[in-house]
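Notes for the one structure printed next.
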Amino acid sequence: MNARQSDAGHFAKNWQQQLAEAFTSLDDLCRYLHLEAGSLPFSIGAAQQFALKVPVSFAACMEKGNPHDPLLRQVLPVNDELRAYAGFTDDPVGDIAASPQAGVLHKYLGRVLLVTTGSCAVNCRYCFRRNFPYGDLQLSKQTEQAAIDYIQADPGISEVILSGGDPLLLSDARLAQLFAKFNGIAHLKRVRIHSRLPIVLPARVTDALVELLAQSGKQAVMVIHCNHANELGEQTRAACQKLHQHGITLLNQSVLLQGVNDDAAVLGRLSEQMFGLGVLPYYLHLLDKASGTGHFDVSESRAMAIMVELQAALPGYLLPKLVKEQAGAASKMLVV
Ligand SMILES: *Cc1c(COP(=O)(O)O)cnc(C)c1O
Ligand code: SF4
């Protein structure tokens with residue numbers, strides 16, 4: 001984004017334009033945040049592997065002048081990403097083995113996940129799919145029908161999960177096409193969307209999108225990805241409330257990240273504030289061990305200690321389930 005342009009001017013644009021104006025340069029981002037680029041542990045090498053990409057609406061939630069801001073830490077390419085950590089690999093959760101055909105991941109009973117796109121509005125440094133070969137595995141217009149046929153042929157599948165990348169980067173027209181096809185499958189009860197866009201690009205939650213989800217003909221569930229209460233800016237709050245008011249079940253999942261939210265008070269605040277917007281906590285994930293993300297890792301024993309503290313501070317329904325993903329397992333694994 002042009003640093004001279006005001007936030008208000010930017011936010012008056014539609015979501016596609018806002019996306020096109022996301023920060024991709026360290027200098028622009030630093031100018032916006034009133035930070036000295038030279039004072040940050042930025043790594044060009046890390047940015048070459050996985051580009052810097054931050055929508056203005058997400059940067060607007062960062063604290064100006066704070067090089068340790070927990071939101072900035074999630075998106076800044078740093079030297080630590082180039083360090084090798086034992087046990088961190090390119091396919092940490094066995095996705096490649098779980099793909100019966102392009103765009104389809106079928107690991108768990110009753111649920112099928114569609115990799116609808118490889119793109120995201122934001123590049124989260126901790127992302128477990130940062131090394132994922134999307135070119136081969138994402139759904140394309142050509143392979144979409146085969147994916148629909150796969151679901152149609154298995155009456156045991158009651159839920160389809162749109163994932164990615166970020167499925168809400170698909171146009172309304174593409175989403176409407178997919179929903180129409182899902183609607184033709186009687187044994188499908190629910191459509192679930194996993195998205196970080198309500199957080200990082202809330203302009204995506206247009207009235208038209210909300211209508212589309214509310215009228216999909218199946219029960220609509222949206223799992224939002226929010227890691228820290230500071231991510232809940234005004235536009236995000238409005239987006240969640242709008243979805244909630246239209247009867248879309250809202251859940252939140254977070255990743256437990258060192259230096260971001262590895263703190264019971266931070267997680268407690270997140271649960272409380274999300275509930276105020278109609279969002280219930282779902283999962284708190286231990287980091288998937290993807291290459292380049294080792295510096296975010298929180299040990300299992302520390303994670304459990306944080307959960308004990310969190311449980312003492314919150315009503316049971318505001319406590320997320322601490323889980324980890326294990327390649328080949330029949331579900332996410334509860335960590336207790
Ligand atoms: C995480 C995941 C799901 C969803 O699991 P839930 O426990 O139902 O949230 C489904 N399919 C795949 C491939 C997954 O990785
Ligand atoms: S939004 Fe999700 S899939 Fe996209 S980069 Fe962030 S963590 Fe990865």
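The values are calculated or read from the model by the stated rules, or taken from the named source; none is laboratory data. It should be emphasised that the depicted structure is a prediction, and the values quoted were computed from it without experimental measurement. Cβ coordinates were reconstructed from backbone atoms using ideal geometry, including for glycine residues, and neighbour counts include every protein chain displayed.
So which residues in the range 227-242 are under 14 Å from GLY276 (Cα atoms) and in a loop (DSSP other than H, G, I, E, B)?
LEU232, GLY233 - these are the residues of the range 227-242 that are under 14 Å from GLY276 (Cα atoms) and in a loop (DSSP other than H, G, I, E, B).
In this structure, is CYS240 within 16 Å of ligand 2 (Cβ to nearest atom), surrounded by 19 or more Cβ atoms within 10 Å (Cβ to Cβ) and assigned by TED's automatic domain parsing to the domain that holds VAL266? I'd like the intermediate steps shown before the answer.
Details: within 16 Å of ligand 2 (Cβ to nearest atom): no; surrounded by 19 or more Cβ atoms within 10 Å (Cβ to Cβ): yes; assigned by TED's automatic domain parsing to the domain that holds VAL266: yes.
In short, no.
Residue by residue, here is whether (1) farther than 30 Å from ARG73 by Cβ; (2) more than 16 Å from ligand 1 (Cβ to nearest atom); (3) at pLDDT below 95 holds:
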position: ILE157; (1), (2), (3): yes, no, no
position: LEU175; (1), (2), (3): yes, yes, no
position: ILE193; (1), (2), (3): no, no, no
position: ARG196; (1), (2), (3): no, no, no
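Against the definition (out of contact with any helix residue (DSSP H, G or I) (no Cβ under 8 Å at 6 or more places or on another chain), within 14 Å of ligand 1 (Cβ to nearest atom), free of Cβ contacts under 8 Å to residues at least 60 places away in the same chain and not assigned by TED's automatic domain parsing to the domain that holds TRP15), how does ALA186 come out, yes or no?
Working: out of contact with any helix residue (DSSP H, G or I) (no Cβ under 8 Å at 6 or more places or on another chain): yes; within 14 Å of ligand 1 (Cβ to nearest atom): no; free of Cβ contacts under 8 Å to residues at least 60 places away in the same chain: yes; not assigned by TED's automatic domain parsing to the domain that holds TRP15: yes.
No; evaluated as a whole, the condition is false for this residue.
Starting from the range 97-109, keep only residues that are farther than 16 Å from ALA330 by Cα, then list their pairs with residues that are within 16 Å of ligand 2 (Cβ to nearest atom) whose Cβ atoms are within a distance under 7 Å, requiring at least 6 positions of separation or different chains.
As it stands, the answer is ALA102/LEU137; ALA102/LEU139; GLY103/LEU114; GLY103/VAL115; GLY103/LEU137; GLY103/GLN138; GLY103/LEU139; VAL104/LEU114, since those pairs meet every condition given.
Of all residues being farther than 17 Å from MET333 by Cβ, of a type in the set (S, T, N, Q) and over 17 Å from the mean Cα position of the chain (by Cα) in the range 259-308, which is nearest to ligand 2 (Cβ to nearest atom)? Just the residue, please.
Taking the candidates together, the pick is SER291.
List pairs: first residue in the range 267-285 and on the phi < 0 side of the Ramachandran plot and within 16 Å of ligand 1 (Cβ to nearest atom), second residue of a type in the set (Phe, Trp, Tyr) and modelled with pLDDT of 95 or more anywhere in the structure, Cβ distance under 7 angstrom, at least six positions apart or on different chains.
Within 7 Å, the pairs are LEU280/TYR317.
Given VAL200, VAL191, VAL205, which one is within 16 Å of ligand 2 (Cβ to nearest atom), more than 14 Å from VAL122 (Cβ to Cβ) and buried (at least 19 other Cβ atoms within 10 Å of the Cβ)?
Values: VAL200 fails: more than 14 Å from VAL122 (Cβ to Cβ); VAL191 fails: within 16 Å of ligand 2 (Cβ to nearest atom).
Testing whether each residue is within 16 Å of ligand 2 (Cβ to nearest atom), more than 14 Å from VAL122 (Cβ to Cβ) and buried (at least 19 other Cβ atoms within 10 Å of the Cβ) leaves just VAL205.
Having 2 or more residues that are within 16 Å of ligand 2 (Cβ to nearest atom) and under 22 Å from the mean Cα position of the chain (by Cα) is the bar; report the helices (runs of 4 or more DSSP H) wholly within the range 72-185 that clear it. Working first, answer last.
Values: elements: 134-137, 141-152, 172-183.
In the range 72-185, 134-137 are the helices (runs of 4 or more DSSP H) which contain 2 or more residues that are within 16 Å of ligand 2 (Cβ to nearest atom) and under 22 Å from the mean Cα position of the chain (by Cα).
Give the residues of the range 186-213 that are part of a helix (DSSP H, G or I) and closer than 29 Å to ARG269 by Cα, sorted by residue number.
Pass one, the range 186-213, residues part of a helix (DSSP H, G or I): 197-200, 202-204, 207-213.
Selection gives LEU197, PRO198, ILE199, VAL200, PRO202, ALA203, ARG204, ASP207, LEU209, VAL210, LEU213.
Would you check if there is a residue in the range 268-278 being over 13 Å from PHE128 (Cα atoms), surrounded by fewer than 18 Cβ atoms within 10 Å (Cβ to Cβ) and touching a strand residue (DSSP E or B) at 6+ places or on another chain (Cβ under 7 Å)?
yes
Being touching a Lys or Arg at 6+ places or on another chain (Cβ under 8 Å) and at pLDDT below 95 is the filter here; which residues of the range 2-28 pass it?
Once the filter is applied, which keeps residues that are touching a Lys or Arg at 6+ places or on another chain (Cβ under 8 Å) and at pLDDT below 95, the range 2-28 yields only ALA3.
Mind checking which residues of the range 243-265 are in a helix (DSSP H, G or I) and surrounded by fewer than 19 Cβ atoms within 10 Å (Cβ to Cβ)?
Across the range 243-265, the qualifying residues are HIS244, GLN245, ALA264, ALA265.
When you scan the range 135-166, how many residues do you find that are of a type in the set (Asp, Glu) and under 30 Å from LYS53 (Cα atoms)?
Filtering the range 135-166 down to residues of a type in the set (Asp, Glu) leaves 136, 144, 149, 154, 159, 166.
Right, trim to under 30 Å from LYS53 (Cα atoms) and you get 136, 144, 166.
So the answer is 3.
Okay, residues lined up against (1) outside the structural domain of GLU234 (by TED's automatic domain parsing); (2) in contact with a Gly (Cβ under 6 Å, 6 or more places away or on another chain); (3) modelled with pLDDT of 95 or more:
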site	(1), (2), (3)
CYS30	yes, no, yes
PRO41	yes, no, yes
ILE44	yes, no, yes
LYS53	yes, no, yes
THR89	yes, no, no
PRO100	no, no, no
